[in-house]
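We did not get these values from a lab; they are worked out from the coordinates using the rules stated. Owing to the predicted nature of the structure, the values given are computational and were not obtained by experimental measurement. In this analysis, Cβ positions are derived from the backbone assuming ideal geometry, glycine residues included, and neighbour counts consider all displayed protein chains.
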Amino acid sequence: MIDERLLCRDEVGLVWGIDRREVIEEIYALKGGELVLRPEFYDMSGWPEGEAEHFTPILLDCFDRGGWFLGLFDQGRLIGAVVLDSCRFGPAGEWLQLTFLHLSHAYRRRGLGAHLFRLAVARARRVEAGALYVSATPSRNTVDFYMRLGCRLCEQPDEALYQREPDDIHLLHALT
C-alpha cells in the first residue's frame with residue numbers, strides 16, 4: 001500500500017534514493033519559440049554525479065523558507081516526491097516553482113506522477129498562486145508528461161532559473 005505524507009526536514013535527503021532510472025531516446029530543444037524534438041540517447045542509471053551534493057542545499061533552503069514537500073512511501077521507503085517552493089516570482093509575483101517531482105522507475109505509468117502534480121496544483125491554488133513554473137528535463141517523456149497535464153511553454157522564462165538550468169524546457173501551468 002502506498003502512503004503519502006509531508007516530509008520532515010531530516011527526510012529531504014531521502015529523495016536521492018528515488019530510482020530515477022530511465023532510457024532517454026529523444027530530447028526537446030527550444031528553437032525560435034517552438035519545441036523541436038531530436039534523437040539523443042542517454043541511459044540514466046541513476047542520479048548524475050554531483051546532483052545530490054549540488055541540489056540538497058537548494059532543497060533545504062526551500063524547506064526552511066516554507067516549501068511544501070510531499071512524499072509517496074511504499075512499505076516505509078520513499079518512492080516519489082513533489083516539492084513546491086514558497087517564494088513567489090514572475091511578472092506580478094504570482095508564480096510558484098515546482099522545484100522537484102520524481103517517481104521511482106518501478107512505480108511509473110500508474111498515474112502516481114500525475115497524482116503528485118495534481119497535489120502540487122491544489123496546494124498552489126490554496127495559497128492563491130496564479131501559475132506553477134516547471135523547469136523540466138528536456139527528455140520527451142518528461143516534457144510530454146507535463147504538457148499532457150496542461151503545462152505550456154513559458155514565453156518569458158525566469159532569468160535566474162533559466163541560468164541555473166538553461167537546457168531545461170521552462171513551462172507554466174496556469175491556475176486561474
Tabulated pairs, segment 64-86, first buried (at least 16 other Cβ atoms within 10 Å of the Cβ), second of a type in the set (S, T, N, Q), C-beta under 7 angstrom, 6+ apart or interchain: Gly67/Ser86; Gly67/Thr99; Ile79/Ser104; Gly80/Ser104; Val83/Thr99; Leu84/Thr99; Asp85/Gln97; Asp85/Thr99
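One line per residue, one yes/no per condition, for (1) more than 26 Å from Pro166 (Cβ to Cβ); (2) assigned to a helix (DSSP H, G or I):
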| site | (1), (2) |
| --- | --- |
| Glu53 | no, yes |
| Asp61 | no, yes |
| Gly66 | yes, no |
| Gly71 | yes, no |
| Ala106 | yes, yes |
| Tyr133 | no, no |
Extreme residue, surrounded by the fewest Cβ atoms within 10 Å (Cβ to Cβ), among residues of segment 11-48 that are among the hydroxyl-bearing types (Ser, Thr, Tyr) and farther than 25 Å from Glu155 by Cα: Ser45
For Cys8: the one exception among (1) more than 18 Å from Glu165 (Cα to Cα); (2) surrounded by 15 or more Cβ atoms within 10 Å (Cβ to Cβ); (3) among the hydrophobic types (A, V, I, L, M, F, W, C): (2)
Candidates Arg118, Arg125, Arg110, filtered to the one that is outside any helix (DSSP H, G or I), surrounded by fewer than 16 Cβ atoms within 10 Å (Cβ to Cβ) and not hydroxyl-bearing (Ser, Thr, Tyr): Arg110
Thr99, sole failed condition from (1) surrounded by 21 or more Cβ atoms within 10 Å (Cβ to Cβ); (2) of a type in the set (Val, Ile, Thr); (3) out of contact with any helix residue (DSSP H, G or I) (no Cβ under 9 Å at 6 or more places or on another chain): (3)
